[in-house]
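A quick write-up on the structure given underneath.
The values are calculated or read from the model by the stated rules, or taken from the named source; none is laboratory data. Note that the coordinates shown come from a computational prediction; the quantities given were computed from them, not determined experimentally. Here the Cβ positions follow ideal geometry from the backbone for every residue, glycine too, while neighbour counts run over all protein chains shown.
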Amino acid sequence: MASEVTMESVEGPHAPLVYTPSTGLVTDPREKKTWAQFREAVRATKKQQVNMVNKVPHTFTYRTIETPLGPRTRLYFLGVPPGQRRENTLLYVDVPCGVTAIDLSKPLEWKNLLETFSATPLLGQYTKEEQLLRERKRLGHFGITSYNVDTTSGRFVFPACNSLYTFVDSVGSDGQFQTNPVFPTEVISSALGVRLDPQLCPHNPHLLAFINNSDVWVTNILTGEERRLTFAHKGCKNIAEDPKSAGVPSFVVQEEFDRYTGYWWQPCKTTDDGTYRVLYEEVDESEVDILHIVSPDEHSVDDYRYPRAGTANAKCILKMLEFSVNENRVCNVKELHMKEALSHMFPWLEYIVRAGWTADSKYVWAQILSRNQDRLALVLISPDNFTMDAYDIEMQEFDQQSSNSGVYMIYQDTSDIWINVSDILHFFPQISSNEISFIWSSEKSGFRHLYHVTSNLELVGYRVDDKTHDNAEGRDPVSSLDADFMFSGISSKPSIKQELALTHGDWAVTDKIWVDDKKNLLYFTGTKDTPLESHLYVLDLECPGSAITRLTQLGFSHNVCLDQHCTSYTSVFSSIAEGPRCHILKIEVRDANHIASPVSSLLDLPEDSNGYKPGELFSCPSKSGDTFYGMVYKPHNYIPGEKYPTVLYVYGGPHTQLVTNSYKGLRFLRLHMFASLGYAVVVLDCRGSSNRGVTFESHLKDKMGTVEIADQVEGLHWIASQVGYIDIGRVAIHGWSYGGYLALMGLSQRPDIFKLAIAGAPVTSWALYDTGYTERYMGTPQTNSEPYKAGSVLEYVDKFPNEENRLLIVHGLIDENVHFLHTSSFVNALVKACKPYTLQVYPNERHGIRNPEASEHYETMVLSFLQQHL
């Protein structure tokens, strides 16, 4: 560890006294502070952050019932009731109807669905499976973090206290919603271990499926009778002997493609014999490398399947479960296989990134992606293609027409950059048995836009002599991207009858869509007005090319949720200067114009901002001709004409946007804390960041680590020339994960600009990171070795400064995402080169520092390091 250096405090005759919400005291930010004072500042900031975050409602569900007085709507959501500190619970408001005079400054009263109920495990002891799922989902909330509800019956199921709980929000004999809170009932089970991913059957809310020990189970909530449906996992202690799972996505699919479920109930019954169907994914990780991570607290070693770039991925196949219920007992369970695996029909398939059912239950669908992520297909599968007899891939003679019956490729996307996977997909009711229509999104124009597609249902064919070769990169097709597999005159290319672009322009559609099938209206979120704000828009499907109407207010970023009839929506909205509010709005059509009218408020602006001073948004030109967006925080002790030490907070990687016109006092309150202690703070989204189009993002293709710092430095110099208070000779670069990687690259590539680097959980060699992320942007190490070498921090060790106290590295020892091996390899290289560094290890932390004590120590240490050495 490098020795500490004492730095004299900077004083001036006119140094102002400022109120610092972090400490709650009137202090001079220029006065040198002790470790204890920094700790108190961090504690106060954390308290403020927790209070602010927990005030924001989220995870909304609308439920409308018919009553003697007409339809009534209840809005469910998660949040922390007033007067409580931290634990989320289930809440509701009854949406007013027929109200004319609205006072949005008086929010509706949040009401508890549940009686007093603690949902956090005793002493916060989540199981390993729960910890890992929280890491994949980036969950920071405690208490109830998710729920599943059947809006017809009002039955809820939610995970809590390492178990599952259920209750019914019932309708009274008078036909009205009940208002008394209920106490949930635990769903008793004989299954050992935690039950994850609970899902109610869409057409029988008494049936509940869940995952236990990597297999699919179902239970009857009324009788308690349960049944294990799959037997993929053996339950061995040694994961090398137990590579299969059912209903659970692989690590890469969860971490890099944001799919957290691996099974899907059939939405509605299609037979009269009472058959239930569940589509699920069986994953085989037998070829995936096993990583061993020491767990210091438990004095043990945890094993994980982790596919590093260029190594074998998990193999997955789709299967179907069929069963019936007789006298409330699950019986006649059948495990069905596809007549032929998708990976044989599509030899280039590497990932099943999305799957599910069409709303009418006539088809299963899947989005399949190639290994290098430049080819994606939407495949439709008839349930009749699933059979008790699995296709034998070793079989030389087979009936191709029979094995392919009911499998259709209905869309294909290709790219010479990469394909970003999206959740946007909506199937329309099928009118003809020979075709199907759907809404699809694609970035083929350079920006993500919506398309109304009608495809002919033609059977998938392929060329019999197509082979795949197994190598260190996994399963790669011999055929090229534009291969046209043919067999018996049947093409595997989609037969597109019609494709209409519904949106266009240099802006992006984001998140999800909602379709009003009755009125032929399509609602979506996007950045049509500005890339810094997300808004809700509507367009008329009957008039493609007609005007797109914005339904949300400019000057804010909106996170919206529509009801199932597309007549109302909630919007949680904020700006960089104003904290989050939440309104319920009604969608109306007046004189052929769509208008959103406020109905009520769930959350209004707090009367006291507690001294919070927001940053300022800016845009700057660049040498490339692109516009960069940024945020700058003025130090609270600012005196005109003086310059201040500066923190450049960086992420810089793809698939992320930091700079938006939304409130930063929640996730980025740390930046405000820096400013309150006398630092200027700068944040920049340069080339490579998201929501600016795939071309803007593709600046990083095959160049990660080699181009980002130049953009960051260019933006830093520009804003310094504009504001006049940035001391360009005292700049620290600070980031986490990809931001930690760039902090290291910044210090090694531009030590003349960055006096300090604080790197959290940094990637140091892309060859050590996972397949799904790394290969999307860099290819494989075997086929693209030069970008891997150029983008490795280990190649820049000799360029790190020889001065002490310029480099601080922070890492959790049990990080299963960016493994500590990244840091240990880097430290080993620093030692060999005799370079100074400071290392802070958190033995019980993963990729995110979740433990409150560790988080407090980390934040305090960063402030202390900045004060002493910047």
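For segment 634-672, the tally of residues that are in contact with a Phe, Trp or Tyr (Cβ under 7 Å, 6 or more places away or on another chain), within 28 Å of E255 (Cβ to Cβ) and aromatic (F, W, Y) stands at 1. For segment 322-341, the candidate set comprises residues that are touching a residue at least 40 places away in the same chain (Cβ under 8 Å) and not in a strand (DSSP E or B); within that set, the residue that is surrounded by the fewest Cβ atoms within 10 Å (Cβ to Cβ) is N328.
Scanning segment 317-341 for residues that are under 30 Å from N372 (Cα atoms) and out of contact with any Phe, Trp or Tyr (no Cβ under 8 Å at 6 or more places or on another chain) yields a single hit, I317. Filtering R846, R806 for residues that are crowded, with 19+ Cβ neighbours inside 10 Å and at pLDDT below 95 leaves a single hit, R846. Condition check for L133 on (1) under 23 Å from the mean Cα position of the chain (by Cα); (2) closer than 25 Å to R329 by Cβ: one failure, at (2). If you go through segment 633-645 and pick out every residue that is under 16 Å from L671 (Cα atoms) and either in a loop (DSSP other than H, G, I, E, B) or under 21 Å from the mean Cα position of the chain (by Cα) (or both), you end up with 5. Of the residues contained in segment 521-530, none is found to be in contact (Cβ under 8 Å) with a residue 12 or more places away in the chain, of a type outside the set (S, T, N, Q) and exposed (fewer than 14 other Cβ atoms within 10 Å of the Cβ). Checking each residue in segment 505-531 for being of a type in the set (D, E, K, R), farther than 19 Å from L585 by Cα and modelled with pLDDT under 95 picks out D511, D517, K518.
Restricting V248, V283 to residues that are over 20 Å from P205 (Cβ atoms) and in a strand (DSSP E or B) narrows the list to V283. For segment 174-194, the tally of residues that are among the β-branched types (V, I, T), touching a residue at least 60 places away in the same chain (Cβ under 8 Å) and in a loop (DSSP other than H, G, I, E, B) stands at 2.
Where residues in segment 532-554 are modelled with pLDDT of 95 or more and hydroxyl-bearing (S, T, Y), which of them is nearest to C566 (Cα to Cα)? By that ranking, first place goes to Y537. Against the conditions (1) in a loop (DSSP other than H, G, I, E, B); (2) surrounded by fewer than 22 Cβ atoms within 10 Å (Cβ to Cβ); (3) of a type outside the set (D, E, K, R), V288 satisfies every one except (2).
Residue-by-condition table, conditions (1) at pLDDT 90 or above; (2) surrounded by 19 or more Cβ atoms within 10 Å (Cβ to Cβ):
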{"site": "E115", "(1), (2)": "no, no"}
{"site": "E130", "(1), (2)": "no, no"}
{"site": "V157", "(1), (2)": "yes, yes"}
{"site": "N180", "(1), (2)": "yes, no"}
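What number of residues within segment 761-775 satisfy the criterion of being out of contact with any His (no Cβ under 7 Å at 6 or more places or on another chain) and among the small types (G, A, S)? The number of residues fulfilling the criteria is 2.
The residues of segment 102-134 that are part of a loop (DSSP other than H, G, I, E, B) and of a type in the set (G, A, S), listed by number, are S105, S118, A119. All of (1) farther than 30 Å from M704 by Cβ; (2) assigned by TED's automatic domain parsing to the domain that holds V862 hold for C620 with one exception: (1).
Identify, please: which residue in segment 136-147 is within 19 Å of the chain's Cα centre (by Cα) and outside any loop (DSSP other than H, G, I, E, B) and is, among those, modelled with the lowest pLDDT? That would be F142. May I ask you to verify whether D752 is assigned to a loop (DSSP other than H, G, I, E, B) and either out of contact with any Lys or Arg (no Cβ under 6 Å at 6 or more places or on another chain) or at pLDDT 95 or above (or both)? Answer is yes for this residue.
Among the conditions (1) free of Cβ contacts under 8 Å to residues at least 12 places away in the same chain; (2) closer than 25 Å to V80 by Cα; (3) not polar (S, T, N, Q), A592 misses just one, which is (2).
Of the conditions (1) buried (at least 16 other Cβ atoms within 10 Å of the Cβ); (2) under 27 Å from H292 (Cβ atoms); (3) basic (K, R), K789 fails just one. Which one is it? Of the numbered conditions (1) buried (at least 16 other Cβ atoms within 10 Å of the Cβ); (2) under 27 Å from H292 (Cβ atoms); (3) basic (K, R), the odd one out for K789 is (1).
Yes/no matrix, rows are residues, columns are (1) modelled with pLDDT of 95 or more; (2) more than 30 Å from P71 (Cα to Cα); (3) over 29 Å from the mean Cα position of the chain (by Cα); (4) crowded, with 17+ Cβ neighbours inside 10 Å:
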site: S170; (1), (2), (3), (4): no, no, yes, no
site: G193; (1), (2), (3), (4): no, yes, no, no
site: L196; (1), (2), (3), (4): yes, yes, no, yes
site: A209; (1), (2), (3), (4): yes, yes, no, yes
site: A246; (1), (2), (3), (4): yes, yes, no, yes
site: Q254; (1), (2), (3), (4): yes, yes, no, yes
site: W265; (1), (2), (3), (4): yes, no, no, yes
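Kindly establish whether R850 is of a type outside the set (S, T, N, Q) and under 30 Å from G310 (Cα atoms). No, not satisfied. Scanning segment 322-334 turns up no residue that is in contact with a Gly (Cβ under 7 Å, 6 or more places away or on another chain), polar (S, T, N, Q) and modelled with pLDDT of 95 or more.
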